[in-house]
Amino acid sequence: MIKITFELYPEDGRIKPYEHPYGYIFRGVIMKWLHEIKPELVHQLHKYEEVRPYSINCIIHKKIPKLDFVIVSADDKLSDTLLKDLISNDRIKLRIGQKDYYISSVKFERINLKEQIIDKSQPVKNFSINFVKLIYFNTSMGDYPVRFPIPLLLFGNLVNIWNDFASEICKLDREPFLNWINAHLYISGYRMRTVRSEIGKKIPVVGGLGNASFQVSKINKNYYVHYLEELNRKYDIDFVNEDYSGNCRWLEILSRVGEYTNVGANRTAGMGVIRYYPREYLLNRDLLMK
């Protein structure tokens, strides 16, 4: 996974509040750029009903007229194409909306998921997520999007992203994990509001913005009794403790990955940007004693 950050300054030296570019504009900039140098790649990146292998974020600095445009790519073809073009051409400007921005610097960061995230993650039982940009989920449950980070939707989306981008490292069995989420994870508090944002279409999108706290409950013994029956195994305390702590660790792994990939609908238009804050990690006393 590659993170590319473009530091951009407006040609006229100013950014007015009503001129702030939305994330979907940056998606258009990148697609136009790719279409100029490798048009077939644009179609590959937007195959129907497939997880798109990139995310976009736009950071607007308040004290100085500067933008940071961030694209995280899990597809080597996307990052390689952009990097080769940057190196081989004298591209010094990007046209964003109705204004030209100078490319002051470009920073590259290679994200090693195993070394930087998996190996450093711990089983977490109390954590918060700050939804920096609005989040919403398109589901089959109804005609309207869900604009609240329900644990099943939030981590179900992150599991899909993980298995699509990082299954060669370690694939997560989606159904058992989400069943465990349903039995053990709940929102303990939140301070959120709904906001609207343009995505370049006739109707803007509406989603949740703010903070939510998540809490893992104590081991649900009834859940594990039924789960082990499905596996045709006898009740085993060691298995229960290992599965419980392992899933708590996956909560942190997926949350940290989500800081790079965004989460929810329109990740590629700058939606679903999150920041993860662990509050309390799992201790031995939280596990079952023999």
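Just so you know, all these numbers are worked out from the coordinates, no wet-lab data involved. None of the values given here were measured: they were computed from a predicted structure. With ideal geometry, Cβ positions are generated from the backbone for all residues, glycine too; neighbour counts draw on all protein chains shown.
The overall shape of region 2-110 is prolate: from the C-alpha gyration tensor, with semi-axes ordered a ≥ b ≥ c, the ratio a/c is 1.5 or greater and a/b exceeds b/c. Listed by Cβ neighbour count within 10 Å, with the fewest neighbours leading, M271, M1 appear as M1, M271.
Out of L254, L41, L209, any idea which swings most in a Gaussian network model of the chain, alpha carbons joined below 10 Å? Per the Cα network of the chain with a 10 Å cutoff, L41 tops the list. Using a cutoff of 8 angstrom between alpha carbon atoms and counting only pairs six or more residues apart, the relative contact order for region 216-290 works out to 29 percent. Once you keep just the Cα pairs under 8 angstrom separated by 6 or more residues, what percentage relative contact order results for region 69-194? RCO, region 69-194: 15 percent. Sorted from greatest to least, the principal axis extents spanned by the alpha carbons of region 151-290 come out as 58, 33, 23 Å. Using a simple spin-label model with pseudo-atoms 7 Å out from Cα toward Cβ, I237 and Y144 lie 4.9 nm apart. For the peptides 104-112, 244-252, the ranking by mean Cβ contacts within 10 Å, running from highest to lowest, is 244-252, 104-112. Phi angles across region 130-141 convert, under the Karplus curve 6.51 cos²θ - 1.76 cosθ + 1.60 with θ = phi - 60°, into 3J(HN,Hα) values of 9, 8, 5, 10, 4, 10, 7, 10, 8, 10, 8, 7 Hz, Gly and Pro given as x. For the chain, the relative contact order comes to 27 percent (Cα pairs under 8 Å, sequence separation of at least 6). Which residues in region 34-69 have a backbone N closer than 14 Å to a point placed 7 Å from the Cα of D164 along the Cα-to-Cβ line? Label zone hits: 44-56.
Shown in residue order for region 252-261 are the 3J(HN,Hα) couplings computed by the Karplus curve 6.51 cos²θ - 1.76 cosθ + 1.60 at θ = phi - 60°: 6, 4, 5, 5, 5, 5, x, 5, 8, 8 Hz (x for Gly and Pro). Among all the lysines, which ones have a C-alpha under 16 Å from K171's C-alpha, if same-chain residues fewer than 8 places away are not counted? Counting by Cα, and skipping residues close in sequence, K171 has these lysines nearby: K114.
Annotation: amide H of L282 within the under-5 Å range of V124, K125, sequence separation 5 or more or interchain, hydrogens built in the peptide plane. Note on D119 and L209: their simple-model spin labels are 3.9 nm apart, each label 7 Å out from Cα toward Cβ. Listed by chain and number, the aspartates and glutamates whose alpha-carbon sits under 16 Å from that of K38, ignoring those within fewer than 8 places in the same chain, are D75, D76, D80, D85.
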